[in-house]
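Scroll down for the structure; my scribbles are underneath it.
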There are 2 protein chains.
Amino acid sequence: MPNVTQLMAGHSPLPLYVQIRDSLRRQILDGHFEVHARLPSENDMMNTFGVSRITIRQALRDLHNEGLVFSAQGKGTFVSKPKAVQNVQRLEGFGEAMAAQGYEASARVLSIQQMKAPKAVAAALDLQPGDETVEVKRVRYLNRSPVCIENSYFPMDVGRQMFSLDLSGDIFPMLENLFDIPLGGADISLDAILADNETQQYLNLKAGEAILRVERLTHNRDGRPIDFEYLCYRGDSFKYQFRIDRK
Amino acid sequence: MPNVTQLMAGHSPLPLYVQIRDSLRRQILDGHFEVHARLPSENDMMNTFGVSRITIRQALRDLHNEGLVFSAQGKGTFVSKPKAVQNVQRLEGFGEAMAAQGYEASARVLSIQQMKAPKAVAAALDLQPGDETVEVKRVRYLNRSPVCIENSYFPMDVGRQMFSLDLSGDIFPMLENLFDIPLGGADISLDAILADNETQQYLNLKAGEAILRVERLTHNRDGRPIDFEYLCYRGDSFKYQFRIDRK
DNA sequence: CACTCCCCCTTGTTATGACAAGTTATGGCG
DNA sequence: CGCCATAACTTGTCATAACAAGGGGGAGTG
């Protein structure tokens, strides 16, 4: 008797809480709710969607992590003030993230080569000193302006397959769909440096400009490091945004 | 009959899943588990701790968000490789975060004054143009070296009380304990800029060095913005680290 | 010996039910 | 009229139960 309601007609490959989460997210982003407006109570939503409370709460938890809503015990769940960049909590490649915001993103491959892993790369990818890796250098464009230099390093079993592929798009979907490597999480580290000569040249910078440098180590779902990258963004044309919580 | 087990003797003010989460975290950080070792299964933990599965999962979900563990369906839950900076998913002030890693952190107040809110500050704090704010400027030291300039802006009802207080420590605990303002989440944005004259001077920098600039807008638990800050870190002596997930 | 299929163990999802804790509105009492 | 107790809601925590989905190992078969 329960759960007669199916949000999608026919087959339903996605978990209910994902469907509900996405449905609520769309409504919020479409402006269906005012900023700081109270969402229907969890009890209401149980009836609306025809699911149990635990499922509603799982959907709300995700939206909360995304920074779209916040809750207050005894009062309700409310819509957050909209942010310029939403949902950076999720691991996304440059192109995926920008496309989601309506930008036109592209990439140009500078070089791809097999080489001995530099020390920091070997440590990150769990390789022995002297082991080989595949290095891919690319420039990232936003609306046809260069904004980022990307140096990626892959272990040989992954990188070997890259020489024969078109690398002008996103690499994450390629890893997942073509290589069948389900991605898990990534460790990210940010600092600021001055542009070196090569970076200056490719990003059309004057001498001595500030660069936002991101180190990103992406793991597959089993925790094995798959992709170690240095991303050097123009400091004046890119911001990294996200949201964290107390407690 | 259920739940006879109490982890702490006597009263138990903390939720069970918090106690379990903290207990597991301590064991992991103490090296009780090897890196990549499998944790006891959720079923085992149910017996060990004498709680239901939902409680175990709630604890594991938090540890997963902290980047301490990762799970693989059908296989188990595993310990992540340890990171230099752990737990940046949680909203912490500079001093709190550094103290947790064994650094000696301190602050020196440069100025505190009431002033008209600059445009960006007013927008962030939800103030009308022309409204007054309290600005606090401080230098942050790590092991007695200056690493960060901090400009904080508070709405008047909060900032008014700051003139009579010692601001050489952390402000977050002060807001929570002295002002009784429970903190919720924060929106963070990072970019890279060049040091201006004032920053150069206070951080002992040469001309034209790179600065990692953090904008942080902290809300109370009801979603009202309480504290808007610009944090300018020396690019060469500080890194921002965190972890995000796919899906 | 090798290969396949099946069972068991693991995490993932979901339902139902219950009580605690915090907020708000209502209504009665002084 | 004002104050306070209380009822009605809301989110937070937790128990019990069940099935789905994915992985691994062992047994059986070729």
*within 12 Å of chain A (Cβ to nearest Cβ), in a strand (DSSP E or B) and free of Cβ contacts under 8 Å to residues at least 24 places away in the same chain - does that describe any residue in the stretch B:216-224?*
no
*Find all pairs meeting these conditions: Cβ atoms under 8 angstrom apart; at least six residues apart or on different chains; first residue within the stretch A:67-79 and farther than 24 Å from A:GLN241 by Cβ and more than 10 Å from chain B (Cβ to nearest Cβ); second residue of a type outside the set (Lys, Arg) and surrounded by 18 or more Cβ atoms within 10 Å (Cβ to Cβ).*
A:GLY76/A:LEU39
*Tell me which of these A:ILE226 doesn't satisfy, since it passes every other one: (1) under 20 Å from A:SER111 (Cα atoms); (2) surrounded by fewer than 21 Cβ atoms within 10 Å (Cβ to Cβ).*
(2)
*Exactly one condition in (1) more than 7 Å from chain B (Cβ to nearest Cβ); (2) surrounded by 17 or more Cβ atoms within 10 Å (Cβ to Cβ); (3) modelled with pLDDT under 90 is not met by A:PRO182; state its number.*
(2)
*Filter result for the condition that a residue is small (Gly, Ala, Ser) and within 17 Å of the chain's Cα centre (by Cα), over A:ALA186, A:ALA124, A:ALA120, A:ALA210*: A:ALA186
*asked:* I want to confirm something. Restricting to the stretch A:44-59 and keeping residues that are within 7 Å of DNA strand D (Cβ to nearest atom) and within 14 Å of another protein chain (Cβ to nearest Cβ), which single residue is surrounded by the most Cβ atoms within 10 Å (Cβ to Cβ)?
replied: A:ARG57
*Identify, please: which residue in the stretch B:102-122 is basic (Lys, Arg) and assigned to a strand (DSSP E or B) and is, among those, nearest to B:MET156 (Cα to Cα)?*
B:LYS116
*Out of B:GLY159, B:GLY130, which single residue is part of a helix (DSSP H, G or I) and over 28 Å from B:LEU205 (Cβ atoms)?*
B:GLY159
*Please specify each residue of the stretch A:187-215 satisfying the condition of being in contact with a strand residue (DSSP E or B) (Cβ under 8 Å, 6 or more places away or on another chain) and either assigned to a loop (DSSP other than H, G, I, E, B) or not assigned by TED's automatic domain parsing to the domain that holds A:ALA107 (or both).*
A:ALA195, A:LEU203, A:ASN204, A:LEU205, A:GLY208, A:GLU209
*How many residues are exposed (fewer than 13 other Cβ atoms within 10 Å of the Cβ) and not in a loop (DSSP other than H, G, I, E, B) if we restrict to the stretch A:30-43?*
1
*Evaluate the stretch A:39-53: report whether one residue or more is at pLDDT 95 or above, within 10 Å of DNA strand C (Cβ to nearest atom) and in contact with an Asp or Glu (Cβ under 9 Å, 6 or more places away or on another chain).*
yes
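The values are calculated or read from the model by the stated rules, or taken from the named source; none is laboratory data. Quick caveat, the model's predicted, so the values are computed rather than measured. Please note: Cβ atoms are built from the backbone with ideal geometry, for glycine as well, and neighbour counts cover all protein chains shown.
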